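Read through the structure below, which is laid out as structure tokens, and then see the notes.
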Amino acid sequence: MAHIDPLPADHTPELADTFRHFEEILGFVPNSLLTLQRRPQIVRAFGELTAAVMDPEGSVDPAFKRLLAHFASRAAGCQYCEAHSLVAAGISGLPQEKLDALWEYQTSEQYSEAERAALDFALAAGAVPNAVDDEVMSRLKAHWSEEQIVELLAAVCLYGFLNRWNDSMATDLEEGPKSLGDRVLKQGGWTGGKHLG
């Protein structure tokens, strides 16, 4: 059960545009932002940061950046964000075949060596303590440009905020992400944890 209840989406009318943006990303306004709206300027700033990090004009596909966010959230242990990031990845165009092969990313033909290096980087960057070392970075640099690496890490860091927020608040998981978690993530040990109200 959440430590602080989310407020209704219409509680802060000046956030309507920001909330609409997140509805496009996820199909709903997440409880995390409905709770955070007690400080509207933080919601707006987070919306702007999200738009910049997940910019479709960037050099890394937004669906893949959301998959990176999933791996970083997995490393951080935030089950709320693990499910949310995959919902967003699917809406952004992550192929179902990649989602189905999520647990076999190291060996599945659905994933390239470049993607494997980036996903391993996300796991290392999302870990506490941080596990990015010369070997992880060397593998990453073999496949990705410096500009792309900045985008990859920005996606990990964006979800670092969400991981801390949602685990600390025990944010209640919405039905869509819960269903996806039950269908795809359970086989890897996902339970929803403290996020099931």
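At a glance:
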quantity: The stretch 101-119, subset farther than 16 Å from residue 188 by Cβ and touching a residue at least 40 places away in the same chain (Cβ under 8 Å), residue farthest from the chain's Cα centre (by Cα); calculated: 115
quantity: Tally, over the stretch 142-183, of residues that are of a type in the set (Val, Ile, Thr) and surrounded by fewer than 19 Cβ atoms within 10 Å (Cβ to Cβ); calculated: 2
quantity: Residues of the stretch 128-141 classified as in a helix (DSSP H, G or I) and loosely packed, with under 11 Cβ neighbours inside 10 Å, total; calculated: 3
quantity: Residue match in the stretch 185-195 (condition: modelled with pLDDT of 95 or more, within 24 Å of residue 51 (Cα to Cα) and part of a loop (DSSP other than H, G, I, E, B)); calculated: no
quantity: Contacts under 8 angstrom Cβ, first residue in the stretch 177-197 being more than 20 Å from residue 101 (Cα to Cα) and in contact (Cβ under 8 Å) with a residue 40 or more places away in the chain, partner of a type in the set (Val, Ile, Thr) and outside any helix (DSSP H, G or I), 6 or more apart; calculated: 195/171
quantity: Candidate set: the stretch 1-51, residues that are in contact (Cβ under 8 Å) with a residue 60 or more places away in the chain and not in a helix (DSSP H, G or I); chosen: the one farthest from residue 194 (Cα to Cα); calculated: 27
quantity: Conditions (1) at pLDDT below 95; (2) in contact with a His (Cβ under 6 Å, 6 or more places away or on another chain): number failed by residue 173; calculated: (1)
quantity: Qualifying residue in the stretch 54-61 (condition: part of a helix (DSSP H, G or I) and aliphatic (A, V, I, L, M)); calculated: no
quantity: Counted residues, the stretch 132-178 - those being aromatic (Phe, Trp, Tyr) and touching a Gly at 6+ places or on another chain (Cβ under 8 Å); calculated: 1
quantity: Among the candidates 98, 65, residue that is within 17 Å of residue 25 (Cα to Cα) and touching a residue at least 24 places away in the same chain (Cβ under 8 Å); calculated: 65
quantity: Single residue of 94, 15, 68, 86 found to be out of contact with any Phe, Trp or Tyr (no Cβ under 7 Å at 6 or more places or on another chain), over 21 Å from residue 118 (Cβ atoms), crowded, with 16+ Cβ neighbours inside 10 Å and among the hydrophobic types (A, V, I, L, M, F, W, C); calculated: 15
quantity: Among the residues listed as 114, 125, the single one being surrounded by fewer than 16 Cβ atoms within 10 Å (Cβ to Cβ), at pLDDT 95 or above, not in a loop (DSSP other than H, G, I, E, B) and not aromatic (Phe, Trp, Tyr); calculated: 114
quantity: Per-region count, the stretch 159-178, residues more than 15 Å from the chain's Cα centre (by Cα) and polar (S, T, N, Q); calculated: 1
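The values are calculated or read from the model by the stated rules, or taken from the named source; none is laboratory data. Computed from a predicted structure; not experimentally measured. No Cβ is skipped: glycine too gets one built from the backbone with ideal geometry, and neighbour counts run over all protein chains shown.
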